[in-house]
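Remarks on the structure that follows.
The values are calculated or read from the model by the stated rules, or taken from the named source; none is laboratory data. Note that this is a predicted model, so its numbers are computed, not measured. Cβ placement follows ideal geometry from the backbone for every residue including glycine, while neighbour counts extend to all protein chains displayed.
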Amino acid sequence: MYHGVMATRVNNVQSIDAKDRAILDLVQRDAKLAQAEIARQVGLSAAAVNERLKKLEQAGVIRRYVAIVDPRAAGTSLTAFVEVFIEHPRYEPGFFEQMLRLDEVQECHHITGEFSLLLKVRVRDMESLQHLLLRRLNALEGVRQTRTVMVLSTQKEETRIALGTQGEDS
């Protein structure tokens with residue numbers, strides 16, 4: 001569930017052509033890249049790129065533009081994955097609402113397996129993680145159990161979506 005979306009509707013992936021994929025690839029790599037430069041690289045006019053970007057935003061393909069901040073530089077160098085066991089599905093909507101309010105929770109995924117949800121969290125230190133787990137997560141109605149896995153190091157962490165080349169139009 002994504003909130004804060006620019007879009008008015010969700011796009012059908014099939015309608016994204018090769019030029020759109022090329023534009024999306026460039027914007028994902030550098031959202032501050034000038035539209036004139038994008039146009040030069042994909043072989044369109046700046047006006048055409050502008051129109052395509054607007055359509056991609058309105059269709060929900062582009063959800064928002066962000067700056068990727070280095071967690072260590074921002075003082076949140078501790079990363080953990082938290083598995084959450086919810087007692088009953090009736091508690092999930094309230095849990096999801098709370099996750100949207102917690103800045104420490106970067107991702108919240110409904111998963112298969114023993115646990116119901118998987119959270120990716122970033123915090124300042126072990127004390128902050130303890131507070132998040134004991135007072136914010138485990139205290140929520142319907143949370144029966146959590147299991148936490150600490151990240152020792154990260155070899156790859158990407159925000160860019162691989163767009164592939166299937167179904168390209170020229």
Those residues of segment 45-83 which are of a type in the set (Gly, Ala, Ser), within 17 Å of MET126 (Cα to Cα) and surrounded by 14 or more Cβ atoms within 10 Å (Cβ to Cβ), in sequence order: SER77, ALA80
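State whether one or more residues within segment 58-71 are part of a helix (DSSP H, G or I) and touching a residue at least 12 places away in the same chain (Cβ under 8 Å). Lay out the reasoning, then the answer.
In the first step, residues of segment 58-71 are kept if they are part of a helix (DSSP H, G or I); the result is 58.
From what is left, the residues that are touching a residue at least 12 places away in the same chain (Cβ under 8 Å) are 58.
Yes, there is a match, as at least one residue in segment 58-71 is part of a helix (DSSP H, G or I) and touching a residue at least 12 places away in the same chain (Cβ under 8 Å).
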For segment 127-150, how many residues are under 12 Å from PHE81 (Cα atoms) and exposed (fewer than 11 other Cβ atoms within 10 Å of the Cβ)? 1
Using the structure shown, decide if ALA22 is more than 19 Å from the chain's Cα centre (by Cα), of a type outside the set (Lys, Arg) and outside any loop (DSSP other than H, G, I, E, B). yes
Given the conditions (1) at pLDDT 95 or above; (2) out of contact with any strand residue (DSSP E or B) (no Cβ under 6 Å at 6 or more places or on another chain); (3) within 27 Å of VAL151 (Cβ to Cβ), and given that ARG40 satisfies all but one, which numbered condition is not satisfied? (3)
